[in-house]
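Accompanying notes for the structure given below.
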Amino acid sequence: MVLTEEDKKSWEECRDALSTYNFSSEEVDKILGKAFGLVHSPYWGEERKKIVPKLETVNEILDYLRSLNLSDDDLSKVLKKFPEVLGCNFEAELKANVQILEKEWEIKGKSLRNLLLRNPRVLGYNIDCKGDCMAQCTRCWARF
């Protein structure tokens, strides 16, 4: 993918936003690459379009995750386990999935925090095959 000067600036801003988590520059590039389709990830399969991350998007997701009582150390663990979280749709996946966990499963507060540390992929689930497999298992609630 060829980056314009504006794209390079945006990439660097996002790298800077992740610098507080003590990742190496290679780790940051891999996290952003997996989140935004520049590095192959089984989570996305073949459907993820390659896009350059925007600082506003990254900050919005990081702020939201912090609002779920995740510390910077916790966020570092979540990003290592599920870097794709930064590329998930904020409203349709992250917020909706947290609401499902809170309302349907009654997982809130400290229990939610512990779940997210154990299985952060739950934030990106957007398929519910209800046992009738749709071959998108990396994103399916049936795994929960």
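Since LEU75 meets every condition but one in (1) at pLDDT 95 or above; (2) surrounded by fewer than 19 Cβ atoms within 10 Å (Cβ to Cβ); (3) closer than 24 Å to LEU115 by Cβ, which condition does it not meet?
(2)
Looking for something within 14 Å of the chain's Cα centre (by Cα), surrounded by 12 or more Cβ atoms within 10 Å (Cβ to Cβ), charged (D, E, K, R) and over 17 Å from THR57 (Cβ atoms) - is there at least one such residue anywhere in region 24-35?
Taking every residue of region 24-35 in turn, at least one turns out to be within 14 Å of the chain's Cα centre (by Cα), surrounded by 12 or more Cβ atoms within 10 Å (Cβ to Cβ), charged (D, E, K, R) and over 17 Å from THR57 (Cβ atoms).
Could you list all residues from region 44-54 that are open to solvent by 10 Å² or more (accessible area, probe 1.4 Å) and not aromatic (Phe, Trp, Tyr)?
Residues satisfying the conditions are GLY45, GLU46, GLU47, ARG48, LYS49, LYS50, ILE51, VAL52, LYS54.
Does VAL58 count as buried (at least 19 other Cβ atoms within 10 Å of the Cβ) and among the β-branched types (Val, Ile, Thr)?
Working: buried (at least 19 other Cβ atoms within 10 Å of the Cβ): yes; among the β-branched types (Val, Ile, Thr): yes.
So VAL58 fits the description; yes.
Being touching a helix residue (DSSP H, G or I) at 6+ places or on another chain (Cβ under 9 Å), open to solvent by 50 Å² or more (accessible area, probe 1.4 Å) and small (Gly, Ala, Ser) narrows it down to one of SER19, SER41, SER10, so name that one.
SER19
Quick one: which of LEU65, LEU94 is in contact with a Cys (Cβ under 7 Å, 6 or more places away or on another chain) and free of Cβ contacts under 8 Å to residues at least 60 places away in the same chain?
LEU94
Would you confirm, using the coordinates I've provided, whether GLU91 is crowded, with 18+ Cβ neighbours inside 10 Å and either touching a Pro at 6+ places or on another chain (Cβ under 6 Å) or of a type in the set (Asp, Glu) (or both)?
Judged against the criteria, GLU91 is not a match.
The values are calculated or read from the model by the stated rules, or taken from the named source; none is laboratory data. For clarity, every value in this text was computed on a predicted model and none was experimentally measured. Cβ atoms come from the backbone with ideal geometry, glycine included; neighbour counts cover every protein chain shown. The accessibility values were calculated without ligands, DNA or RNA, using every heavy atom of the protein model including side chains. Shrake-Rupley method; radii C 1.70, N 1.55, O 1.52, S 1.80 Å.
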